[in-house]
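Okay, structure first, notes after.
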DNA sequence: AAAACGGGGAC
DNA sequence: GTCCCAGTTTT
């Protein structure tokens with residue numbers, strides 16, 4: 001049943017205690033969320049931030065976040081815009097919304113603390129199998145093997161595991177392997193040691209096998225091709241979208257910004273220069289005029305272009321054309337947006353924007369002076 | 001099972 | 001340019 005031979009498995013179990021854990025004790029990075037004793041709240045925040053996000057990116061975000069929201073009660077009581085401002089640029093904004101929701105559950109049901117029970121942790125918004133196991137083991141010492149991208153890669157190489165890593169059958173084999181190899185007395189350290197090994201030594205490309213404490217046991221290395229594991233399917237090409245955005249100036253030279261729906265879709269809850277996807281048959285001016293009519297009930301005159309911003313998302317790329325505009329008719333309605341505000345360029349910092357819209361902001365700030373309606377119309 | 005969901009660093 | 005990261009949720 002097991003893809004791994006019994007004697008190899010036994011050797012791996014021994015090597016976890018004799019080699020992996022000592023290696024980790026020696027090489028563990030001093031990261032801000034690793035202060036002992038572990039604060040379950042800090043473990044939680046760090047684990048959510050670290051999802052699909054590298055350690056070096058997370059560190060400054062984690063420090064700002066913990067300073068502003070030091071406990072679940074602080075987080076639960078904070079306005080969502082403040083939370084999003086601290087998440088701005090980190091991506092996957094649903095994580096921030098779920099964190100905020102979960103903090104409110106903690107205050108309501110668990111005296112403002114994370115429950116010391118994996119079954120209860122698993123019910124919190126944003127906690128899937130990985131995060132539940134990570135928090136249960138790291139913060140509370142429960143024997144739960146956390147399976148993340150690092151651990152899957154390390155274990156797939158150690159055993160030269162065949163099969164597509166995205167298939168559930170392969171995932172089950174890896175979970176079973178991780179469960180089997182978990183040192184019962186040191187579940188948190190085992191999980192972290194695998195992850196540290198994956199991050200520092202057993203990297204996706206150019207793994208440093210000569211520095212690996214488990215190199216002698218590695219089937220992929222024995223086969224001479226560690227990078228062949230884990231097996232993954234080929235990526236599809238990303239679709240490309242052309243998007244228009246309006247920098248609408250009023251007579252006081254304030255600029256209209258709109259808030260995206262907080263509960264659905266891309267960049268949820270962030271603020272933006274309103275606009276949308278151009279249809280094949282449209283001009284850019286026609287696209288922007290139509291989008292603002294549909295989203296906010298405004299009739300626009302679209303003026304000259306400010307900038308074109310290129311940006312890549314996880315599942316498509318965009319070319320964002322920002323044009324100056326002014327309102328010919330109407331006042332901003334929330335037909336397909338959550339909120340709006342008229343602000344001057346120096347007030348952009350108070351609102352969370354996406355990376356692409358920061359390109360527009362930067363272009364505006366690079367102008368000789370803040371834009372005025374009469375400069376363009 | 002597949003798609004949606006960001007952004008950045010390494011190569 | 002490509003890959004992929006301390007994944008979760010929805011369809």
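Values quoted throughout were computed directly from the atomic coordinates according to the rules given, and no laboratory measurement underlies them. Predicted model, so just to flag it, every value in this text is computed and none were measured. Neighbour counts are summed over all protein chains in view; Cβ atoms, including those assigned to glycine, are modelled from backbone coordinates with ideal geometry.
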- Query: Could you give the distance between the Cα centres of region A:35-52 and region A:114-156, to the whole Å?
  - Reply: 11
- Query: For the peptides A:340-348, A:67-75, A:30-38, what is the packing order when you average, over each peptide's residues, the other Cβ atoms within 10 Å and list the highest mean first?
  - Reply: A:67-75, A:340-348, A:30-38
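Run the numbers for residue A:254 and residue A:71: contour at 0.36 nm per residue of separation, minus the present Cα-Cα distance, in nm.
Working it through step by step, the gained length comes to 62.2 nm.
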- Message: In whole Å, what are the extents of region A:271-377 along the principal axes defined by its C-alpha atoms, from largest to smallest?
- Response: 37, 31, 26
- Message: I want to check the label-to-label distance for residue A:225 and residue A:176. Put each point 7 Å from Cα in the C-beta direction and report it in nm to one decimal.
- Response: 2.5
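Given 20 °C and 1.002 mPa s, how large is the Stokes-Einstein diffusion coefficient of region A:295-349 in µm²/s, with Rh as the Kirkwood radius over Cα pairs?
Working: Rh = 13.6 Å.
Using the Kirkwood radius from Cα pairs, D works out to 157 µm²/s.
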- Given a Förster distance of 30 angstrom, what is the FRET efficiency for residue A:358 paired with residue A:109, based on the Cβ-Cβ distance and rounded to 0.05? 0.20
- Note on the structure: Inter-part gap, Cα centre of region A:232-287 to Cα centre of region A:294-350, in whole angstrom, is 7
- In Å and from the alpha-carbon atoms only, list the Rg and Dmax of region A:93-221. 16.4, 51
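What whole-number volume per residue, in cubic angstrom, does the convex hull of the C-alpha atoms of region A:234-329 give?
Considering the Cα atoms of region A:234-329, their hull volume per residue is 106 Å³.
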- Query: So for chain A: antiparallel DSSP bridges make up what percent, rounded to the nearest 5?
  - Reply: 65
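How long are the semi-axes of the ellipsoid equivalent to region A:1-119, from square roots of 5 times the Cα gyration tensor eigenvalues, in whole Å, largest first? Show your work: numbers first, answer last.
On the way: eigenvalues 227, 60, 44 Å².
Equivalent ellipsoid semi-axes, largest first: 34, 17, 15 Å.
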- Message: Taking the 0 to 90 degree range and rounding to the nearest ten, how far is the long axis of helix A:284-296 tilted relative to the main principal axis of chain A, both from C-alpha atoms?
- Response: 80
- Message: Let me make sure I get this right: for region A:91-160, a, b and c are the square roots of the gyration tensor eigenvalues over alpha carbons, sorted descending. Under 1.5 in a/c it's rounded, otherwise prolate if a/b > b/c, else oblate. Which is it?
- Response: oblate
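If the viscosity is 1.567 mPa s and the temperature 4 °C, what Stokes-Einstein diffusion coefficient in µm²/s follows for chain A when Rh is the Kirkwood radius over Cα pairs? It would help to have the intermediate numbers written out before the result.
Details: Rh = 23.5 Å.
It comes out at roughly 55 µm²/s.
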- Message: Using only DSSP helix segments of four residues or longer, with each worth -39500 (n - 2.57), what per-residue ellipticity at 222 nm results for chain A after dividing by its residue count and rounding to 500?
- Response: -12000 deg cm²/dmol
- Message: Rounding to the nearest 10 and keeping the result within 0 to 90°, find how far the Cα-based axis of helix A:6-15 lies from the longest principal axis of chain A.
- Response: 70
- Note on the structure: The extension gain from residue A:329 to residue A:234, computed as 0.36 nm times the residue separation minus the Cα-Cα distance, is 29.2 nm
- Report the equivalent ellipsoid semi-axes for region A:6-228 in whole Å, largest first, defined as the square roots of five times the eigenvalues of the gyration tensor built from alpha carbon atoms. 33, 18, 16
- Go ahead and run the numbers for FRET between residue A:28 and residue A:56, Cβ-Cβ distance against an R0 of 22 Å, rounding to 0.05. 0.90
